[in-house]
Amino acid sequence: MKKTIALVLAAMMLISLVSFSLADETKTLTIVAWDANTTGYLTAQKEAYEASHPGVKIEYIDVSSQDYDTKVAAMLAGQDKSDIYMVKDIPALLNWYEAGYTYDMSDYIKAANYDLSGFVGMETNYAFDGKQVALPFRSDFEILFYNKDLFDAAGVAYPTNDWSWEQYKEAALAIHAADENVYGTHYHTWLSTAVNYTVADGVNTLVDGNYDDLAYFYQLIQDLEDAGACMSYSEIRAAGLHYSGAFGNGNIAMMPMGYWYVATLITNIASGDYNVKNWGLAAMPTKEGVQAGATFGNLTGAMINNLSEQKDLAWDYIAWLCGEEGSKVTAGTGNRPAWVSEGVADVMSAIEGFPADETSKASLLPTYVAIEIPGMEFTAQISNILGEEHSAIMSREISIEEGIENMNERVAEVLGE
Amino acid sequence: MTAKPVPAGQRRKKYSMSRLERKNTLIAYSFLAPNFIGFAIFTLVPVILSVVMSFTEWKGGALSSMQWVGLDNYASIFKSVKVGQKMGELGFFGGLDYFFNKVDLGISLKNTVFYTAVTVPLSLVAAIVLALVLNKAVKGAVAFRAVLFFPYVASMVAICVCWNFMLMKNGPINQMLMSLGSTFNKSWTADGTMAFWAIVLVSVWRNMGYYMVIYLAALQGIPRELYEAATVDGANKWQQFWAITLPQLRPTTFFASIMLIIGCFKIYDTVYIMTEGGPGRATKMLVLYIYQEAFNNYHYGLASAIAMVLLVVVLLVTILQFRMEKRYANN
Amino acid sequence: MTQVRRFPIGKILIYLVLIALSAFTLIPFVWMISASLKLDREVFSFPMRWIPETFHWENYSLIWTKVPMLTYFKNTAIIAICVTLIQTLTSSFAAYAFAKLRFKGRDVLFLCYISTIAVPWQAYMLPQFILMRSMGLYDRLLAIMVLQAFSAFGVFLMRQFYQNIPDELCEAARIDGLSEYGIWARIMLPLSTAAIATLVIFTFVGTWNDFMGPMIYLTRDENKTIQVGLRRFIQENSSDYHLIMAASVVSLVPVSVVFLALQRYFIEGIATSGLKG
């Protein structure tokens, strides 16, 4: 049959089109990470480890950051054998743990007598049922970025590390009043940049089922929006405006953002892509009764895949990555490692392009960092609910009170299940 | 779709023999095999697995770790206990009201059905009108057709970002509407009502060119003698449209509406990129809900159960359409 | 048609409506092109500018150097071409059986095809992925080919077209001693060039723009497609929307060429067989 021959030929062609990778002689450690091709610290870590560990090659599997959750869910369910998976957020890690994808590192930690003190307790967020299923290598806390030139132009004093939210609000309003083309501050569309500050007191959490404490922060943002001192949520959301470009445009005086933005900012200022020249860092403002310098943060870490065939090697890498040596490498790229010591802090403030003032340097060591959202059984669902109500409140579809009432009611239903 | 040449069909019925049928069956299977084997392995089996999955609890990992939970997932997505309780308190309609305004499944089902009910007729009418206009000897028809088909060719990600910008506060669309006397000036996707219409607008914009092409084709297939006879009888263009064009287009409309309904029920990209289901849950659609349960919460069983609800609704509508089509055809 | 000539006002009106509609259709594309010539921070600046301050034509060269766009194009093209070939061939084959042959289980099988269209992919993606992975089809272009090539849509579409070809033609051919394969090759295929053109366009465009499938199945950079590759311009801490727009504009070119090349068959061809019951 001509048809069959054609079909067979077509099939053979297809197969020949597919490329195969040949196995290497050296040991190759496969790590699944997001934005692996474009993230400076990943490249730096890989190079540093390969230099000090001959015979080991690190290969990243690059997944776009937006698709990370979906893609990784499929990969892990499909019995992927990559050795290490980078951990983007705690709810996802909990899901992986429950599905049996993670490997308990506790024995490794015990055997190596691994020093956990540098994590100042943050690593417990990666422990479930007493099993340490991942270790953090980056710890980003929320910090206030500000554009010094805009403060100078408006004649407003720079933020200090003990600001109250009222002082922050006044400054934002004053700067906008001085020049109406300048925004006093900028909130990205996330729930975290808007109201997560409530957890800085160490008492409130986002999973406790009571969200009355968020009202203060929603009111603050809406007042600023109404005064025109910050862009409205609706427009940022509709335009898909990315915060990096927004601050980089040079007409925003302040922006609360994760520490990771330091690296982006330095790179883009150096390349001339941003309209920002002089900038600084300050600790997030706090509410009355909360210690100055308290903030919230999140972890980025690494876990060993339960199906990895080289768990010893994987542990060796994670131990290096999350410890002092790896932390210095991470810090050298403008990121804040999870494991912090004096030596690491020195590296952080010494990188080129980092603001030279004392306030900025001091803000690197917050007095207290609460976890953005802790991992528990219903964290993922609660995040969904909060996110939905957040968008309704922020686009002014419902009042703050209604939104918070919905949050309380819906989360109670989830918790009650 | 009914076979046009009735005599041939009748003749074949008389000739039909079991031996011939057996041979025919074998030949038919040989025709089907190349496609069916691929289809069965890569689509049918996974779909059947997902039906099974809707009765299990599974967080991922090995397939053997699935646990049979019977109808639990369905009870959970319908919030049957809570809805039943509300029905007890507030009466039947009170319970329904709760279901469609508070329960995720109810809200996304309501949104999806409403979206489908609006988008399908709008797309069909737009497609028919465009096809009628471009069927005439209009100069540049080829160019117009190409332009109108363009939205279908473009990739969704870029297009949705563009549309979000078009529909912003002080954006071109709002400015146009305001010059016509509208007082609305808010970003569409940030407004509970307009976000829904933004999704409808983008969908119709994308669908109309696609179905216009199919209608164009169908229009050329209508025998010209029908119109000539009608003109002799003194019917005007409008009467001809109702008496000839529309009935002749019915099979196409049937095909187009089924594909459109299924497509609308499965809407995901547009919503995900433009509104993420927001603000609040104003544009939360079934597939977005499925996605959240599967990939945010790792509740694969629940996600499959929602998909089954979607499948049942779509199949019911499709069967209803088949019935109606048959009745029309018989008349 | 002569009617129109008698009422020039009507004709002008039709043109006005068509031009307005085309403008409405093209506005987002104009914005897309405009954005592709800006700097990233200008893309979303407000109030919006239709004409960029300075034209950054370098965006169009940047997309080729910043990411391996050429590889993405090559992969997308290989997948789209193979899928289109397999899909068209096997669908038209299977559709012939559904439309012109009577056999046991025909309706049940056809119902199977139709109902899978109605199940959202997100629901059966995971079992499918596990299955494919166990068959060694992960991170290979072949995975996307087999996923896309046997879709129910093609069979449904071709079946609808074949039903319009009169049964008498097949009957006559059978009496003349032609086998069923002969009928398919010598009668159905030549009569359905339009249907095939339709399917080719729909399949090619669909595969070209597919995102979720390649995102899940293709992992290494050398295997990615354009739609997945575009995501590299949106990172966690920065975005390059100007480059996304530039790449999207470029990626429109091949699909537009395919459409324009085939649209003649498309319209004419359908006219000869007529998509009606």
### Task
For residue B:218, state whether it is in contact (Cβ under 8 Å) with a residue 24 or more places away in the chain, more than 8 Å from chain C (Cβ to nearest Cβ), surrounded by 15 or more Cβ atoms within 10 Å (Cβ to Cβ) and in a helix (DSSP H, G or I).
no
### Task
Go through A:57, A:46, A:71 for me and flag whichever is more than 14 Å from chain C (Cβ to nearest Cβ) and over 20 Å from residue A:331 (Cα atoms).
A:57
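Yes/no matrix, rows are residues, columns are (1) within 25 Å of residue B:39 (Cβ to Cβ); (2) modelled with pLDDT under 85; (3) not aromatic (Phe, Trp, Tyr):
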site: C:138; (1), (2), (3): yes, no, no
site: C:143; (1), (2), (3): yes, no, yes
site: C:160; (1), (2), (3): yes, yes, yes
site: C:175; (1), (2), (3): no, no, yes
site: C:179; (1), (2), (3): yes, no, yes
### Message
Being within 9 Å of chain C (Cβ to nearest Cβ) and among the polar types (S, T, N, Q) narrows it down to one residue among B:108, B:155; which is it?
### Response
B:155
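What are the residues in the stretch B:221-243 that are facing chain C (nearest Cβ under 8 Å) and either closer than 25 Å to residue B:114 by Cα or among the basic types (Lys, Arg) (or both), if any?
B:237
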### Query
Is it true that some residue in the stretch A:197-219 is at pLDDT 90 or above, more than 22 Å from the chain's Cα centre (by Cα), of a type outside the set (Lys, Arg) and within 21 Å of residue A:179 (Cα to Cα)?
no
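With a cut-off of at least 2 residues that are away from chain B (no Cβ under 12 Å) and either surrounded by fewer than 20 Cβ atoms within 10 Å (Cβ to Cβ) or aliphatic (A, V, I, L, M) (or both), name the helices (runs of 4 or more DSSP H) lying wholly within the stretch C:17-119.
Where helices (runs of 4 or more DSSP H) fall fully within the stretch C:17-119 and carry at least 2 residues being away from chain B (no Cβ under 12 Å) and either surrounded by fewer than 20 Cβ atoms within 10 Å (Cβ to Cβ) or aliphatic (A, V, I, L, M) (or both), they are C:59-66, C:69-100.
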### Task
Select the helices (runs of 4 or more DSSP H) contained entirely in the stretch B:244-331, then report the ones holding at least 3 residues which are more than 14 Å from chain A (Cβ to nearest Cβ).
B:246-265, B:300-330
### Query
Does the stretch C:153-162 contain any residue that is within 11 Å of chain A (Cβ to nearest Cβ) and in contact with a Lys or Arg (Cβ under 9 Å, 6 or more places away or on another chain)?
no
### Message
Are there helices (runs of 4 or more DSSP H) fully within the stretch A:73-155 with at least 2 residues that are of a type in the set (A, V, I, L, M, F, W, C) and under 24 Å from the mean Cα position of the chain (by Cα)? List them.
### Response
A:90-99
### Task
Could you grab the pairs with beta carbons closer than 8 Å, sequence gap of 6+ or different chains, first residue in the stretch C:13-41 and farther than 28 Å from residue C:55 by Cα, second one among the β-branched types (Val, Ile, Thr)?
C:14/B:133; C:14/B:138; C:14/C:4; C:15/B:138; C:17/B:133; C:18/B:133; C:18/B:138
## Note on the structure
Of the residues in the stretch C:221-237, those that are facing chain A (nearest Cβ under 7 Å) and in contact (Cβ under 8 Å) with a residue 40 or more places away in the chain come to C:221, C:222, C:232
### Query
Assuming residue A:34 fulfils every condition listed in (1) out of contact with any Pro (no Cβ under 8 Å at 6 or more places or on another chain); (2) farther than 17 Å from residue A:321 by Cβ apart from one, which condition is it?
(2)
### Condition check for residue B:70: surrounded by fewer than 19 Cβ atoms within 10 Å (Cβ to Cβ), more than 9 Å from every other protein chain (Cβ to nearest Cβ), out of contact with any helix residue (DSSP H, G or I) (no Cβ under 8 Å at 6 or more places or on another chain) and not in a helix (DSSP H, G or I)
yes
### Message
Quick check on the stretch B:36-55: of everything there that is in contact (Cβ under 8 Å) with a residue 24 or more places away in the chain and surrounded by 20 or more Cβ atoms within 10 Å (Cβ to Cβ), which residue is nearest to the other protein chains (Cβ to nearest Cβ)?
### Response
B:50
### Query
Of all residues in the stretch A:76-95, which are over 24 Å from residue C:135 (Cα atoms) and either within 11 Å of another protein chain (Cβ to nearest Cβ) or of a type outside the set (A, V, I, L, M, F, W, C) (or both)?
A:88, A:89, A:91, A:92, A:94, A:95
### Query
How many of the residues in the stretch A:157-195 are farther than 28 Å from residue A:391 by Cβ, in contact with a Gly (Cβ under 9 Å, 6 or more places away or on another chain) and touching a residue at least 24 places away in the same chain (Cβ under 8 Å)?
5
### Query
So residue B:176 clears everything in (1) within 13 Å of another protein chain (Cβ to nearest Cβ); (2) assigned to a helix (DSSP H, G or I); (3) touching a helix residue (DSSP H, G or I) at 6+ places or on another chain (Cβ under 9 Å) except one condition, right? Which one?
(3)
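Give, as residue ranges, the helices (runs of 4 or more DSSP H) completely inside the stretch A:219-290 that count at least 3 residues that are closer than 21 Å to residue A:354 by Cα.
In the stretch A:219-290, the matching helices (runs of 4 or more DSSP H) lie at A:243-248, A:261-270.
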### Task
Check C:126, C:137 and return the single one that is more than 7 Å from every other protein chain (Cβ to nearest Cβ) and of a type in the set (A, V, I, L, M, F, W, C).
C:137
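The values are calculated or read from the model by the stated rules, or taken from the named source; none is laboratory data. Small disclaimer: the values here were computed from a predicted structure and weren't measured. Every residue, glycine as well, gets a Cβ built from its backbone with ideal geometry; the counts of neighbours run over all protein chains shown.
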